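Worksheet for the structure shown next.
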Amino acid sequence: QVQFVESGGGLVQPGGSLRLSCAVSGSTSSIAIMAWYRQAPGQARERVASISNTGGSNYADAVKGRFTVSRDNAKNLVYLQMNSLKPDDTAVYYCNNLGGNWPWGKGTLVTVSS
């Protein structure tokens, strides 16, 4: 099966930036589109960004213009550059395929607070 390991989270002040990484292992040929998801305390998990094997990307309205998703196919890594962070961005961030069809990793916690 496919496994995901997220990293790069931490505590950041409003307006700050963080870069998250997702290491993908296993049978990655089954994944056409990679995506980032987040789950805030007491909230449902939501998709925030996605990227295809050819580099096409999509973003949720809440993060559009502030977040950028990218990938390094040779290294099986997916990144999420987060700029102009807001307290509402506080959540555990996960990576998975589009639709979240594989088992979830542990995620990485992003806390935006002053």
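Just so it is clear, none of the values below were taken in a lab; they were calculated from the coordinates. This one's a predicted model, so the numbers in the text were calculated from it and none came from an experiment. Glycine gets a Cβ as well: all are built from the backbone with ideal geometry, and neighbour counts include every protein chain shown.
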Toward the positive end of the charge dipole of the range 54-114, about the Cα centre and with charges on Cβ (Lys, Arg +1; Asp, Glu -1), which of ASN76, GLY55, GLY99 goes farthest?
ASN76
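With +1 on each Lys and Arg Cβ and -1 on each Asp and Glu Cβ, and nothing else charged, work out how big the dipole of the chain is about its Cα centre, in Debye to the nearest 20. If you can, show how the numbers build up before the last one.
Working: 10 positive and 6 negative charges, 15 e Å.
Magnitude of the dipole: close to 80 debye.
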Karplus-derived HN-Hα couplings along the range 39-47 (A = 6.51, B = -1.76, C = 1.60, θ = phi - 60°), whole Hz, x at Gly and Pro:
9, 7, x, x, 10, 6, 5, 9, 7
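Return the percentage of antiparallel bridges among DSSP beta bridges fully within the chain, rounded to the nearest 5 %. Please list the in-between numbers first.
On the way: 35 of 38 bridges.
The antiparallel proportion sits near 90 percent.
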How about LYS86: which lysines have a C-alpha closer than 26 Å to its C-alpha, ignoring those fewer than 8 places off in the same chain?
LYS64, LYS106
Give the Rg (one decimal place) followed by the Dmax (whole number) of the chain, computed from C-alpha coordinates and expressed in Å.
13.1, 42
